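A.B. asks: Got a structure for you, questions after.
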Amino acid sequence: MLTEELVDLSRLQFAVTALYHFLFVPLTLGLAFILVIMELTYVITDRPIYKDMVRFWGRLFGINFALGVTTGITMEFQFGTNWAYYSHYVGDIFGAPLAIEGLMAFFLESTFIGLFFFGWDRLNKWQHFMVTVLMALGSNLSALWILIANGWMQNPVGAEFSFVTMRMEMTDFWAIVFNPDAQAKFVHTVSAGYVTASLFVLGISSWYLLKGRDLDFARRSFRIAAGFGFASALSVIVLGDESGYTVGEAQQTKMAAIEAMWETEPAPAAFTLFALPNQKAERNDYELQIPYVLGLIGTRSLTKELPGIKEIKEKNRARIESGIQAVVALEKLRKNRDDWAARSQFDLHKADLGFGLLLKKYTVDVSQATPEMIQKAVDDTIPKVAPLFWSFRIMVALGFAFLLLFSLALFYSVKGNFIEKKWLLRWAFWFIPMPWIAAELGWVVAEYGRQPWTIYGVLPTHLSVSNLTPANIYGSLAGFVGFYTVLLVVEMYLMTKYARQGPASLGTGKYHGEKASGGALPADAPAQKI
Amino acid sequence: MKLPLPVFLQNRLGREIALAIAIKLVVIAAIFFAFFHGNTVATDPDAVAERLANPQQQTTH
């Protein structure tokens, strides 16, 4: 039996596991490339300090990777356990990129991560450098295929519904691979990962500098993080803007909800900087707007209009009414495949089949849907506006704060006096968690903003879930939350422990707290308060 | 004769990570067997048609 409770619990379970999984991913994506930069510097200059940097930051990378491993697998398993109808309906398309991602993760990424850690004594420095490059490519390519799958959920191209197999079937693999939504999502997501890792290295290096320890090591790490972080923060904003543009093309509903844009405004639409969205009255209270900005981001033009929520709802009403015809024709075709009248009716309305299926939440026989049911389904097509509005704005504000921080870090790195800027070092240290918050909010915008669909315009969320009992989900959800909390504590403990030890954890005898040789401060050097 | 530990288990961090991964696999498998094993859903075309394209289907919301 399907209940609202079951649907909401299944969504909550997936959200919890996905958000948890994404605590590990961005650091893996970004730190791998920072290791490439550090190791390239090592192979070119042959200075052992860069090798120590690769080994130390690589150790933190390894802890993050090991603790993150398998958290992604639980999500893939959930497609089968919690979302079985979704898996049947779109498995023909969704399965391919997911399988390629699995191959990338297991055979490329994992293999080279093993070689990275255990190959120092077996490979020459150029060979080891190539291993690091392939490890970074493996982790990023693995993200590419997942985001191709996710991009298809946002903008389902290259596929068609078959009433015989009752599922979507792939018609154009390359359209799926080069889906503009997937490409924009990929570059935006990996850039966000690079920012996360850069701030991680920058913040920990700042901590060493504030403590006055491992100065040479921290200074070089800081400089690399500042340069890479500046480029990444700039990319994440530019590519986020590109992502906003493609969202505007494919998912105007999401764009209108993010912007709390109730009415269609004359082009170019204004960007709402602050407002209290009032979904019941379909208006904003206390609105503060910047003219033209939204129209330029969303359409790249001064003349194209972006539809407001009210206009979108009216379009959706028409699609739901057309979708009723598609569902009725489908029901006839399932009884008799040779019913040509039904076939032609289905072909005429099949683009709106998903919208007709929205009514299944309120009636099993959609041909008997009342105007009240249709109105409810129309209202359902708009996600809750306030969480999207605020999540998006906090994410964007953090993005600009990262750009400012990295700009200043790079500026003072070039000037060579960043060690004197204690306020900058403190800012970098205390800002370490912020990229994770921004990234999680980004996923809230992407996934919550797609509701009520699992596949936008094709398959409603409430028809995608497996027939489990709420007790099953309550139990497994409690298990995941409890266990993942423990894992997070272990991750934080290990990261903090090895970060506090610093490069001394490598046991080279050159760093803070080891038998001093080569300028390291003694372990009992007075610590400074941050 | 006692066999030497694999290289990655010879340091403390390696042992901690190996233990964490082993516990993870056990707990995730336990969650699967406790709450999902045996709850198979038929997803052949007829079963999906029954869910999506049957005006007599019995569901509750």
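The values are calculated or read from the model by the stated rules, or taken from the named source; none is laboratory data. These figures come from a predicted structure and were not determined experimentally. Here the Cβ is made from the backbone with ideal geometry for all residues, glycine too, and neighbour counts use every protein chain on show. Surface areas here come from the heavy atoms of the whole protein model, side chains and all, with no ligands, DNA or RNA. Shrake-Rupley method; radii C 1.70, N 1.55, O 1.52, S 1.80 Å.
A.B. asks: If A:Arg337 satisfies all but one of (1) of a type outside the set (S, T, N, Q); (2) surrounded by fewer than 15 Cβ atoms within 10 Å (Cβ to Cβ); (3) away from chain B (no Cβ under 14 Å), what's the number of the condition it fails?
C.D. replies: Condition not satisfied by A:Arg337: (3).
A.B. asks: Looking at segment A:356-387, which of its residues are assigned to a helix (DSSP H, G or I), touching a residue at least 40 places away in the same chain (Cβ under 8 Å) and within 13 Å of chain B (Cβ to nearest Cβ)?
C.D. replies: Those that are assigned to a helix (DSSP H, G or I), touching a residue at least 40 places away in the same chain (Cβ under 8 Å) and within 13 Å of chain B (Cβ to nearest Cβ): A:Leu357, A:Leu358, A:Lys360, A:Lys361, A:Val366, A:Ser367, A:Ala377, A:Asp380.
A.B. asks: Mind telling me which of the residues A:Ala66, A:Ala84 ends up being under 30 Å from A:Tyr474 (Cα atoms), within 13 Å of another protein chain (Cβ to nearest Cβ) and free of Cβ contacts under 8 Å to residues at least 60 places away in the same chain? Explain how you work it out, then say what you get.
C.D. replies: On the way: A:Ala84 fails: free of Cβ contacts under 8 Å to residues at least 60 places away in the same chain.
A:Ala66 is the lone residue from the list that is under 30 Å from A:Tyr474 (Cα atoms), within 13 Å of another protein chain (Cβ to nearest Cβ) and free of Cβ contacts under 8 Å to residues at least 60 places away in the same chain.
A.B. asks: Can you spot a residue in segment A:129-151 that is within 14 Å of chain B (Cβ to nearest Cβ) and open to solvent by 30 Å² or more (accessible area, probe 1.4 Å)?
C.D. replies: Filtering segment A:129-151 for residues within 14 Å of chain B (Cβ to nearest Cβ) gives none.
Within segment A:129-151 (the criterion being within 14 Å of chain B (Cβ to nearest Cβ) and open to solvent by 30 Å² or more (accessible area, probe 1.4 Å)), the answer is no, since none of the residues qualifies.
A.B. asks: Identify, please: which residue in segment A:1-48 is within 14 Å of another protein chain (Cβ to nearest Cβ) and of a type in the set (D, E, K, R) and is, among those, surrounded by the most Cβ atoms within 10 Å (Cβ to Cβ)? Can you show your working first?
C.D. replies: First, pick out the residues of segment A:1-48 that are within 14 Å of another protein chain (Cβ to nearest Cβ): A:1-10, A:13-14, A:16-17, A:20-21, A:24.
Still in the list and also of a type in the set (D, E, K, R): A:4-5, A:8.
Details: A:Glu4: 11, A:Glu5: 13, A:Asp8: 15.
Going through the qualifying residues, I end up with A:Asp8.
A.B. asks: Please state which of the following conditions A:Met75 fails to meet, knowing it meets all the rest: (1) farther than 30 Å from A:Tyr245 by Cα; (2) within 14 Å of chain B (Cβ to nearest Cβ); (3) touching a residue at least 40 places away in the same chain (Cβ under 8 Å).
C.D. replies: Tallying (1) farther than 30 Å from A:Tyr245 by Cα; (2) within 14 Å of chain B (Cβ to nearest Cβ); (3) touching a residue at least 40 places away in the same chain (Cβ under 8 Å), A:Met75 fails exactly one: (1).
A.B. asks: Got a sec? Which of A:Ser466, A:Ser476 is facing chain B (nearest Cβ under 10 Å), outside any loop (DSSP other than H, G, I, E, B) and crowded, with 19+ Cβ neighbours inside 10 Å? Working first, answer last.
C.D. replies: Values: A:Ser466 fails: outside any loop (DSSP other than H, G, I, E, B).
A:Ser476 is the lone residue from the list that is facing chain B (nearest Cβ under 10 Å), outside any loop (DSSP other than H, G, I, E, B) and crowded, with 19+ Cβ neighbours inside 10 Å.
A.B. asks: Could we say that A:Ala257 is part of a helix (DSSP H, G or I) and crowded, with 16+ Cβ neighbours inside 10 Å here?
C.D. replies: yes
A.B. asks: Could I ask something else about it? I'm trying to understand the selection: among the residues of segment A:270-292, which are open to solvent by 80 Å² or more (accessible area, probe 1.4 Å) and within 16 Å of A:Pro383 (Cα to Cα)? Before you say what the answer is, go through the steps one by one.
C.D. replies: Of the residues in segment A:270-292, the ones open to solvent by 80 Å² or more (accessible area, probe 1.4 Å) are A:273-274, A:280, A:283, A:286-288, A:291-292.
A:Lys280, A:Arg283, listed by residue number.
A.B. asks: Still on this structure, please answer the following. Test A:Glu420 against the stated conditions and say whether it is away from chain B (no Cβ under 14 Å) and over 22 Å from the mean Cα position of the chain (by Cα). Give the steps one after another, and end with the answer.
C.D. replies: Values: away from chain B (no Cβ under 14 Å): yes; over 22 Å from the mean Cα position of the chain (by Cα): yes.
Yes.
A.B. asks: Related question: Is it true that some residue in segment B:45-56 is exposed (fewer than 15 other Cβ atoms within 10 Å of the Cβ) and modelled with pLDDT of 80 or more?
C.D. replies: yes
A.B. asks: Could you grab me the full set of residues in segment A:215-252 that are open to solvent by less than 10 Å² (accessible area, probe 1.4 Å) and at pLDDT below 95? Can you show your working first?
C.D. replies: At the first step, the residues of segment A:215-252 found to be open to solvent by less than 10 Å² (accessible area, probe 1.4 Å) are A:217-218, A:221-222, A:225-226, A:229, A:232-233, A:248, A:251.
If the condition is that a residue be open to solvent by less than 10 Å² (accessible area, probe 1.4 Å) and at pLDDT below 95, then A:Gly248, A:Gln251 are the ones that fit.
A.B. asks: Kindly list the number of the only condition in (1) of a type in the set (A, V, I, L, M, F, W, C); (2) within 12 Å of chain B (Cβ to nearest Cβ); (3) within 30 Å of A:Asp352 (Cβ to Cβ); (4) in a helix (DSSP H, G or I) that fails for A:Val490.
C.D. replies: Failed condition: (3).
A.B. asks: Go through segment B:33-42 and count every residue that is facing another protein chain (nearest Cβ under 7 Å) and either in contact with a Leu (Cβ under 7 Å, 6 or more places away or on another chain) or open to solvent by 40 Å² or more (accessible area, probe 1.4 Å) (or both). Even if it seems obvious, please write down each step before you answer.
C.D. replies: To start, the set of residues in segment B:33-42 that are facing another protein chain (nearest Cβ under 7 Å) comprises B:34-36, B:39, B:41.
Cutting the leftovers down to either in contact with a Leu (Cβ under 7 Å, 6 or more places away or on another chain) or open to solvent by 40 Å² or more (accessible area, probe 1.4 Å) (or both) gives us B:34-35, B:39.
The number of residues fulfilling the criteria is 3.
A.B. asks: Now a separate question. Only one of these is out of contact with any Phe, Trp or Tyr (no Cβ under 6 Å at 6 or more places or on another chain), part of a helix (DSSP H, G or I) and open to solvent by 10 Å² or more (accessible area, probe 1.4 Å): A:Trp126, A:Trp120. Name it. Write out each step before concluding.
C.D. replies: Working: A:Trp120 fails: part of a helix (DSSP H, G or I).
A:Trp126 is the lone residue from the list that is out of contact with any Phe, Trp or Tyr (no Cβ under 6 Å at 6 or more places or on another chain), part of a helix (DSSP H, G or I) and open to solvent by 10 Å² or more (accessible area, probe 1.4 Å).
A.B. asks: Would segment A:155-169 turn up any residue that is among the hydrophobic types (A, V, I, L, M, F, W, C), in a helix (DSSP H, G or I) and crowded, with 17+ Cβ neighbours inside 10 Å? Can you show your working first?
C.D. replies: Pass one, segment A:155-169, residues among the hydrophobic types (A, V, I, L, M, F, W, C): A:157, A:159, A:161, A:163-164, A:166, A:168.
In the following step, the residues that additionally are in a helix (DSSP H, G or I) were identified as none.
Checked against the condition, which is being among the hydrophobic types (A, V, I, L, M, F, W, C), in a helix (DSSP H, G or I) and crowded, with 17+ Cβ neighbours inside 10 Å, segment A:155-169 yields no hits at all.
A.B. asks: Would you confirm whether any residue within segment A:260-269 is of a type in the set (Gly, Ala, Ser) and open to solvent by 10 Å² or more (accessible area, probe 1.4 Å)? Can you show your working first?
C.D. replies: From segment A:260-269, those of a type in the set (Gly, Ala, Ser) are A:260, A:267, A:269; that's our starting set.
Checking which are open to solvent by 10 Å² or more (accessible area, probe 1.4 Å) leaves us with A:267.
Yes: one or more hits.
A.B. asks: Okay, moving on. Restricted to segment B:2-32, and to residues that are of a type in the set (A, V, I, L, M, F, W, C) and open to solvent by 70 Å² or more (accessible area, probe 1.4 Å), which residue is farthest from the other protein chains (Cβ to nearest Cβ)?
C.D. replies: Let us first name the residues in segment B:2-32 that are of a type in the set (A, V, I, L, M, F, W, C), namely B:3, B:5, B:7-9, B:13, B:17-23, B:25-32.
With the extra rule that they be open to solvent by 70 Å² or more (accessible area, probe 1.4 Å), the set shrinks to B:3, B:5, B:7-8, B:19, B:23, B:25-26.
Numbers: B:Leu3: 18, B:Leu5: 14, B:Val7: 6, B:Phe8: 7, B:Leu19: 10, B:Ile23: 9, B:Leu25: 7, B:Val26: 10 Å.
Looking at the filtered set, the residue picked out is B:Leu3.
A.B. asks: Further, regarding this structure: What are the residues in segment A:353-373 that are open to solvent by 10 Å² or more (accessible area, probe 1.4 Å), more than 33 Å from the chain's Cα centre (by Cα) and of a type outside the set (D, E, K, R), if any?
C.D. replies: A:Thr363, A:Val364, A:Ser367, A:Gln368, A:Ala369, A:Thr370, A:Pro371, A:Met373
A.B. asks: So which residues in segment A:1-55 are charged (D, E, K, R) and more than 28 Å from A:Gly482 (Cα to Cα)? Quick ask: steps written out before the conclusion?
C.D. replies: Just the residues of segment A:1-55 that are charged (D, E, K, R), to begin with: A:4-5, A:8, A:11, A:39, A:46-47, A:51-52, A:55.
Once the filter is applied, which keeps residues that are charged (D, E, K, R) and more than 28 Å from A:Gly482 (Cα to Cα), segment A:1-55 yields A:Glu39, A:Asp46, A:Arg47, A:Lys51, A:Asp52, A:Arg55.
A.B. asks: I would also like to ask the following. Which residues, taken from segment A:427-463, are under 30 Å from A:Ser205 (Cβ atoms), outside any helix (DSSP H, G or I) and either in contact with a strand residue (DSSP E or B) (Cβ under 8 Å, 6 or more places away or on another chain) or open to solvent by 40 Å² or more (accessible area, probe 1.4 Å) (or both)?
C.D. replies: A:Pro433
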